[in-house]
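Heads up: the structure comes next, in C-alpha cells.
Read-outs throughout are calculated quantities, based only on the coordinates presented, and are distinct from any laboratory measurement. Keep in mind that this is a model prediction, so the values were computed, not measured. With ideal geometry, Cβ positions are generated from the backbone for all residues, glycine too; neighbour counts draw on all protein chains shown.
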Amino acid sequence: MKHLILLLFFNFSFAQKDIYPVEEKHQRLINNSNYSNEIFKDINNVLNKFLGRWTYSDLNNEVVIEVFKFFDESNRQDALYINLRLNKNGKTLINTLDQTSPNIISGAFFMDSKNTSSLIVHFSEIQTGKVWVCGHSSAVHLTLNGKSLYWEIEPKKLVFNKTAELLPKKMTFQKN
C-alpha cells in the first residue's frame, strides 16, 4: 500500500509539468524566466550520441572519459555526467571512473537548439576523487564531429578550478 501511495504521488507531481526537448531549454529560459512547471527531457535522443567511453592521448597525457545520461532533479532536465581518468607521464592524477555520482562533470546546455552536436557541461573541482564544496567550476564545451569528441575548457573560469588545470585545455577524444 505504501508503494502504491508513493507511485500515485510521483505520478501526480509530474502530471502538472510541461515537457519540452532538452535542446530547447536555453531558448525557453531566454523567453520565459519563470519555468517552474517545465521539465526538459531528451525526447529526441540528442544526448545519446555523446554516451560511451572516449579516449585522448598525447606525449604526456592519457585521458579516458565515460559519459552517462541521468535526470538532473535540481535543473529538471535530462543531462550528461562524465567520469574521467587522467594519467600524466604514466602516473594517475585523477580517477573518477568508479564513481556513480553525477557531481563532478555534468550538464547538457545547448546554446543553439538546432546544433545538437555541441553542448556545455560544468566541471567541479575534485580532491582525491571527491568534489570540493567550494563550488568552483569550469565550463567545458563538447562538440561532436563524426566519431571524434572535441573538449575545450573555457579559459576565463579556469583560474578557479585547480583540477581542470591538470588537464589539457583542448582535447579531441576518439570513441572506444
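Strictly over 28 Å apart at the Cα level, which of Lys25/Lys69; Lys88/Lys114; Lys69/Lys170 would you flag in this model?
Details: Lys25/Lys69 17 Å; Lys88/Lys114 37 Å; Lys69/Lys170 23 Å.
The answer is Lys88/Lys114.
Protection proxy ranking, highest mean first, for peptides 62-72, 44-54: 62-72, 44-54, where packing is the per-residue count of other beta-carbon atoms within 10 Å, averaged.
Run the numbers for Leu59 and Asn87: contour at 0.36 nm per residue of separation, minus the present Cα-Cα distance, in nm. Kindly include the intermediate steps, with their values, before the conclusion.
On the way: separation 28, 0.36 × 28 = 10.08 nm, distance 1.11 nm.
Gain on extension, Leu59 to Asn87, equals 9.0 nm.
Counted by Cβ distance under 11 Å from Glu62, the other residues give a net charge of +2, where Lys and Arg count +1 and Asp and Glu count -1.
Give me the extension gain from Asn95 to His141: residue separation times 0.36 nm, minus the current Cα-Cα distance, reported in nm with one decimal.
Details: separation 46, 0.36 × 46 = 16.56 nm, distance 2.07 nm.
Additional length available on full extension: 14.5 nm.
The stretch between Gln174 and Ile19 holds 52.5 nm of extra length on full extension. This uses 0.36 nm per residue minus the Cα-Cα distance.
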